[in-house]
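These notes are about the structure you will find just below.
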Amino acid sequence: MSLDITELQAFYASPLGRLAQMLLRARMVETWPDMHGQVVGFGYAGPLLRGLDHVRPPVLLMPAQQGVAHWPRGLPNRAALVEDEHLPLADASVDHLVVVHGLEHTENTRKLLREFWRILAPEGRILVILPHRGSPWSFMERTPFGHGRPYSVGQARRLLAGAMLEPLSWGGALFSLPAQNRAAISLVRWMERPGARLWPRLAGVLLVEARKSVTARIDGGQKRTALAYARA
């Protein structure tokens, strides 16, 4: 079941949500220290993209099943309610696309990924944040990562590769239990770096960076062109 905008806002206003925002944003900046060009968020990416003054102002696309809210607060609105299968952006117009609380909730994953591929510029980059199958975060409904379809590394790899999005790097975040009390929240913060090194399989979420590809292999080892993919 997809969470609505009010539930997402409430989580990210909580102490655990603010910490999750800080940790995920840190991983995003580590992955893309030199973000440039047009940056777009899909799903509920506002907490990660807020305050990115060194890039062109980001745009948020919020899926219809989630709902939309004015973003960023106190500034002219740059958020829009969209249908998964028809994103209102031109072909090859996005340099960096951040997807969080989006892909795991869509009814037609293939069509949404095809839209991501369409709007990405040649060699454009996408960062997908997904609930990690088997982690405590993926089955505890007190957080947004306990809703929608969780993914294993293999499932995420096949999903992106099948959409002509070439995975470049993998990572995880949120290596402690998603508890709400103060002591447990402090533990989430201090377990992050040792957890990434010592028990990566316990990550609450997967972070997958991928690049738009214009060719991909199909049955028989032949190449499928971008034109063929766009028409599929």
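The values are calculated or read from the model by the stated rules, or taken from the named source; none is laboratory data. Keep in mind that what you see is a predicted model, and the values were worked out from it rather than measured. Cβ: placed from backbone, ideal geometry, glycine included. Neighbour counts: every protein chain shown. Quick note on the areas: whole protein, heavy atoms, side chains included, nothing else; ligands and nucleic acids left out. Shrake-Rupley method; radii C 1.70, N 1.55, O 1.52, S 1.80 Å.
Miscellaneous remarks
Quick grid of which residues meet (1) more than 17 Å from Leu97 (Cβ to Cβ); (2) not in a helix (DSSP H, G or I):
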residue: Arg149; (1), (2): yes, yes
residue: Glu166; (1), (2): no, yes
residue: Leu177; (1), (2): yes, yes
residue: Ile185; (1), (2): yes, no
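- Among the residues of region 97-125, those identified as within 15 Å of the chain's Cα centre (by Cα) and open to solvent by 10 Å² or more (accessible area, probe 1.4 Å) are His105, Thr109, Glu115, Trp117, Arg125.
- Only one entry in Arg18, Arg27 is touching a residue at least 40 places away in the same chain (Cβ under 8 Å) and open to solvent by 10 Å² or more (accessible area, probe 1.4 Å), namely Arg27.
- Figure legend. Inter-residue proximity from region 67-80: first residues more than 17 Å from Gly102 (Cα to Cα), second residues among the β-branched types (Val, Ile, Thr) and open to solvent by less than 80 Å² (accessible area, probe 1.4 Å), beta-carbon distance below 7 Å, spacing 6+ or different chains. Indicated pairs: Arg78/Val59.
- Search result, residues across region 73-91 that are modelled with pLDDT of 95 or more and open to solvent by less than 50 Å² (accessible area, probe 1.4 Å): Ala79, Ala80, Val82, Leu87, Leu89
- Residue list for region 156-171, filter: more than 16 Å from Trp137 (Cβ to Cβ) and open to solvent by less than 60 Å² (accessible area, probe 1.4 Å): Leu159, Leu160, Ala161, Gly162, Ala163, Met164, Leu165, Pro167, Ser169
- Listed here are the strands (runs of 3 or more DSSP E) enclosed by region 23-123 that have at least 3 residues being under 29 Å from Val153 (Cβ atoms): 39-43, 59-63, 94-100.
- The residues on offer are Arg142, Arg133, and the sole one that is modelled with pLDDT under 95, open to solvent by 70 Å² or more (accessible area, probe 1.4 Å) and touching a Phe, Trp or Tyr at 6+ places or on another chain (Cβ under 7 Å) is Arg133.
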